[in-house]
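The values are calculated or read from the model by the stated rules, or taken from the named source; none is laboratory data. These figures come from a predicted structure and were not determined experimentally. A quick note on method: Cβ atoms are made from the backbone with ideal geometry, for glycine too, and the neighbour counts reach across all protein chains shown.
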Amino acid sequence: FSMAAATKDSNAPFCLDSYHVSEEFGFILPQPLEELPPYYQPWMDIALRVPELVHSHELRSCINRMPMLSSEFLQRHRELRLAHLALSVMTMGYVWQEGENDTVEVLPRNLAVPFWEVSQRLGLPPILVHADAVLANWKKRDPQGPFDMENLELLFSLPGGDNTRGFFMVTLLVELAAVPALKSIPTVINGVRCGDTEGVTKALDTISKSLQDMTDALKLMHAYVEPSVFYGIMRIYLSGWKDNPSMPKGLVYEGVQREPMEYSGGSAAESSLLHCFDELLGVKHEGKSAFLTRMRNYMPPAHNQMIQDISMQPSLRNFVQEQPSEHLNQAFERCVTKLVALRSYHLNVVSRFITVPAALARQLRNQSQDSNEDLVSQAPKALEERGTGGSGLMTFLKTVRDQTKQAFLPETS
Ligand code: HEM
């Protein structure tokens with residue numbers, strides 16, 4: 001596996017398989033394993049039942065009684081990914097089982113130690129990430145059938161029932177819709193290097209079309225996820241222990257380190273897609289970018305490396321400005337337009353799934369004391385103003401969208 005080579009030899013053609021990116025699935029893990037070696041059955045028995053064990057308030061005691069297993073019998077990449085997914089789902093359930101007012105300070109060693117070890121080997125943080133819950137958490141019901149909502153199933157779930165499946169699977173379909181765009185990135189980079197205006201133009205056309213398909217896939221969120229369930233039930237299980245008032249000290253991973261550690265919760269800000277397109281198109285996120293940059297440490301290292309290497313290529317934006325081709329110019333502008341539109345649509349989603357239910361929750365709280373029947377008013381207060389990753393969300397997302405517009409080419413005469 002030649003990641004280092006791709007970085008060192010800047011003359012070698014840019015290609016996807018140096019970065020664990022598949023031609024068919026992009027950043028999605030192809031054919032995730034569904035089973036670990038039998039030795040790990042005690043993990044699987046609990047991890048597969050997290051929603052019901054949370055519901056009956058038994059998850060913490062089950063995990064406390066779990067045997068201490070060694071992670072050394074996990075070998076292949078897909079085994080480690082499945083183990084990370086199973087351990088992360090247990091961890092989220094353990095921490096948030098009793099809501100925001102009864103969290104824990106310590107993750108017990110029989111969970112914390114193997115989770116830490118598996119995380120170290122994968123180069124991922126010891127918390128649920130997008131690479132777990134979305135990229136490695138799928139199977140086809142009918143293996144011969146299509147890759148679509150009806151035929152896709154989660155391996156592991158969290159509270160929220162079918163809405164949780166909808167949330168992760170729609171996000172997976174956004175990843176899938178981006179595959180043609182990802183495949184065009186090497187064409188763009190290699191085309192800029194050798195001055196192939198026509199090749200670059202065609203590849204950019206594929207990218208703008210794929211960005212539109214991502215937006216269309218994102219629209220499915222409204223059909224498959226109920227905002228009140230997302231806001232009132234699901235969201236807390238995705239949230240982390242960094243900049244989170246309900247876990248101000250972070251979390252002690254018992255047997256790993258005495259001092260508590262802080263990690264951001266899961267969100268698609270950890271998807272490598274938009275990071276790649278930003279770097280390719282020359283979108284700069286100054287100022288507010290600390291959060292986005294930090295999210296790169298929540299990605300599989302090979303994917304992070306790809307983002308890094310795209311950023312080191314000769315500038316596409318300069319190339320477009322230097323070439324006299326009107327078609328090239330337009331193809332580039334269409335990509336920026338579609339990326340802005342994707343972020344604008346995402347703002348709309350965030351408003352429907354967070355801002356509106358948050359306002360409703362505040363209103364219900366102010367009106368009466370006994371509104372506890374309502375889903376939204378059960379939602380954690382600490383998350384009202386922030387994303388699960390911990391960002392102050394609307395201002396942040398609008399800034400990121402507006403920074404995307406800065407990539408448009410200056411008016412020429
Ligand atoms: C119900 C659905 C969704 C909600 C409520 C939502 C919410 C949020 C929030 C609150 C943030 C701010 C960062 C954080 O706190 O973690 C964020 C960031 C982000 N989300 Fe989503 N999101 C949703 C679905 C998606 C999907 C399906 C994608 C596509 C893969 C996506 C892509 C992103 C990206 C790329 C960012 C980073 C900011 C940027 O680059 O523009 N989101 N999202």
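Hey, could you check the stretch 157-167 for residues that are surrounded by fewer than 22 Cβ atoms within 10 Å (Cβ to Cβ) and not small (Gly, Ala, Ser) and say which is nearest to Leu59 (Cα to Cα)? Among residues in the stretch 157-167 that are surrounded by fewer than 22 Cβ atoms within 10 Å (Cβ to Cβ) and not small (Gly, Ala, Ser), the one nearest to Leu59 (Cα to Cα) is Pro159.
Looking at the stretch 262-276, can you tell me whether even one residue there is more than 8 Å from the ligand (Cβ to nearest atom) and farther than 24 Å from Ala136 by Cα? No.
The set of residues in the stretch 180-191 that are of a type in the set (Val, Ile, Thr), crowded, with 22+ Cβ neighbours inside 10 Å and out of contact with any Cys (no Cβ under 8 Å at 6 or more places or on another chain) contains only Val188.
Please find, within the stretch 191-242, the residue that is farthest from Leu281 (Cα to Cα) out of those that are among the charged types (D, E, K, R) and within 16 Å of the ligand (Cβ to nearest atom). If we take residues in the stretch 191-242 being among the charged types (D, E, K, R) and within 16 Å of the ligand (Cβ to nearest atom), then Glu226 is farthest from Leu281 (Cα to Cα).
One line per residue, one yes/no per condition, for (1) under 30 Å from Ser311 (Cβ atoms); (2) touching a Leu at 6+ places or on another chain (Cβ under 8 Å); (3) charged (D, E, K, R):
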{"position": "Glu23", "(1), (2), (3)": "yes, yes, yes"}
{"position": "Pro30", "(1), (2), (3)": "yes, no, no"}
{"position": "Leu33", "(1), (2), (3)": "no, yes, no"}
{"position": "Asp45", "(1), (2), (3)": "no, no, yes"}
{"position": "Leu69", "(1), (2), (3)": "no, no, no"}
{"position": "Arg81", "(1), (2), (3)": "yes, yes, yes"}
{"position": "Leu85", "(1), (2), (3)": "yes, yes, no"}
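Can you confirm whether Leu154 is within 16 Å of the ligand (Cβ to nearest atom) and surrounded by fewer than 23 Cβ atoms within 10 Å (Cβ to Cβ)? Give the derivation first.
On the way: within 16 Å of the ligand (Cβ to nearest atom): yes; surrounded by fewer than 23 Cβ atoms within 10 Å (Cβ to Cβ): yes.
Yes, satisfied.
With the requirement that a residue be part of a loop (DSSP other than H, G, I, E, B) and surrounded by fewer than 21 Cβ atoms within 10 Å (Cβ to Cβ), what does the stretch 219-238 give you? Those that are part of a loop (DSSP other than H, G, I, E, B) and surrounded by fewer than 21 Cβ atoms within 10 Å (Cβ to Cβ): Leu220, Glu226. Counting the residues of the stretch 278-309 that are near the ligand (Cβ under 10 Å from one of its atoms), touching a helix residue (DSSP H, G or I) at 6+ places or on another chain (Cβ under 6 Å) and closer than 17 Å to Ser210 by Cβ gives 1. So Glu322 clears everything in (1) over 30 Å from Pro108 (Cα atoms); (2) crowded, with 17+ Cβ neighbours inside 10 Å except one condition, right? Which one? Only one criterion is unmet by Glu322, namely (2).
The helices (runs of 4 or more DSSP H) falling completely within the stretch 2-63 that include 2 or more residues that are at pLDDT 95 or above and either surrounded by 18 or more Cβ atoms within 10 Å (Cβ to Cβ) or over 24 Å from the mean Cα position of the chain (by Cα) (or both) map to 41-47, 50-55.
Hey, does the stretch 230-244 have a residue that's farther than 27 Å from Phe27 by Cβ, of a type in the set (Val, Ile, Thr) and out of contact with any helix residue (DSSP H, G or I) (no Cβ under 6 Å at 6 or more places or on another chain)? Yes, the conditions are met somewhere in the stretch 230-244.
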